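What follows is calculated from the coordinates using simple rules that are stated; it is not laboratory data. All values reported here derive from a predicted model rather than from experimental measurement. All Cβ positions, even for glycine, are placed from backbone atoms using ideal geometry, and neighbour counts span all protein chains on display.
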Amino acid sequence: MAQYINDNNEYYDGISVVIGDTRYVSPSEELIIEAGYHKVEEPATDPLEAAKQAKYADIDAEDASHEVFTLGDQQMWLGHELRQQLKTSVDAYIATGKTTVTKWFGGQEFTFPCETWLQMLAVLEVYAAETLNTTEAHKAAVSALNSVEAVEEYDITSDYPESLVFTQQMLESLGK
């Protein structure tokens with residue numbers, strides 16, 4: 001299992017990194033490296049610790065699989081930064097008296113009332129927070145396990161929120 005260390009001999013905590021003023025939770029390897037860490041290979045000698053590290057990697061992969069929702073007929077994800085940019089954009093539209101916003105994702109145009117965008121972003125933010133909470137709860141549960149067998153048998157797929165599907169009817173009701 002790869003570990004990451006920075007020039008101050010501090011190991012990446014496996015949870016988040018800070019780049020500038022932004023904290024990235026469950027960051028990609030690119031972000032970990034951008035945050036000043038470099039990869040070091042250290043084989044785990046303790047079988048329980050090795051099993052936990054492997055399970056943490058499985059949990060991170062499971063978490064990433066929940067970073068999706070359906071809008072229209074398109075599956076997508078808006079990361080935290082993009083959600084914040086979209087919120088800023090919608091707020092600017094509202095401030096200038098506009099009532100609708102058009103955005104393009106994956107070559108598809110989406111036009112909704114400003115309030116619909118704001119409500120959709122709020123729902124996405126709650127979904128992202130609940131997904132992260134589930135991921136962190138799984139990591140804490142694995143950390144508390146005392147046997148390789150218990151770690152290997154631990155179900156990392158439980159308790160995640162249902163994937164979001166934004167239908168036209170749902171979107172129309174959000175803006176009301």
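Ala50 versus Asp73, label points 7 Å from Cα toward the beta carbon: distance in nm?
So the two model labels end up 4.9 nm from each other.
Please give the net charge around Glu29, taking every other residue with its beta carbon less than 12 angstrom from that of Glu29, where Lys and Arg add +1 and Asp and Glu add -1.
-2
How would Glu10, Glu34 line up from fewest to most surrounding beta-carbon atoms within 10 angstrom?
Glu10, Glu34
For a footprinting-style exposure proxy, rank Glu49, Glu153 by other Cβ within 10 Å, fewest first.
Glu153, Glu49
For the stretch 1-88, what does the relative contact order come out to in percent, with C-alpha contacts under 8 Å and a separation of six or more?
With pairs under 8 Å counted, the relative contact order is 24 percent.
Could you work out the relative contact order of the stretch 1-43, using alpha carbon pairs under 8 angstrom and six or more residues apart, expressed as a whole percent?
50
Could you name the lysines whose alpha carbon sits less than 26 Å from that of Lys98, not counting residues in the same chain fewer than 8 places away?
Once the sequence-local lysines are set aside, what remains near Lys98 is Lys87, Lys176.
Only Lys, Arg, Asp and Glu count, each charged at its Cβ (+1, +1, -1, -1), so figure out the dipole size of the chain about its Cα centre, rounded to 20 debye.
With Lys and Arg at +1 and Asp and Glu at -1, about 940 debye.
Could you tell me which label, among (1) 29, 17, 15; (2) 37, 20, 12; (3) 26, 17, 16, carries the value of semi-axes √(5λ) of the Cα gyration tensor in Å calculated for this structure?
Checking each listed value against the structure points to (2).
Based on other C-beta atoms within 10 Å, arrange Trp117, Trp77, Trp104 from fewest to most.
Ordered by Cβ neighbours within 10 Å, fewest first: Trp104, Trp77, Trp117.
With r as the distance between the Cβ atoms of Val25 and Thr167 and R0 = 35 Å, compute the FRET efficiency 1/(1 + (r/R0)^6) and round to 0.05.
0.75
In deg cm²/dmol, rounded to 500, what helix-only [θ] at 222 nm does the chain give when every DSSP H run of at least 4 residues adds -39500 (n - 2.57) and the total is split over its residues? Could the numbers behind the result be given before it?
Numbers: 6 runs with 85 residues, N = 176.
That comes out to -15500 deg cm²/dmol.
Taking a cut-off of 20 Å between Cα atoms, list the lysines near Lys39, but don't count ones fewer than 8 places away on the same chain.
Candidates past the 8-residue exclusion: Lys52, Lys55.
Please state the relative contact order of the chain as a whole percent: Cα pairs under 8 Å, 6+ residues apart?
Worked out over the chain, it gives 24 percent.
Quick one: of the DSSP bridges fully inside the chain, what percent are antiparallel, nearest 5?
Numbers: 19 of 22 bridges.
Antiparallel: roughly 85 percent of the beta bridges in the chain.
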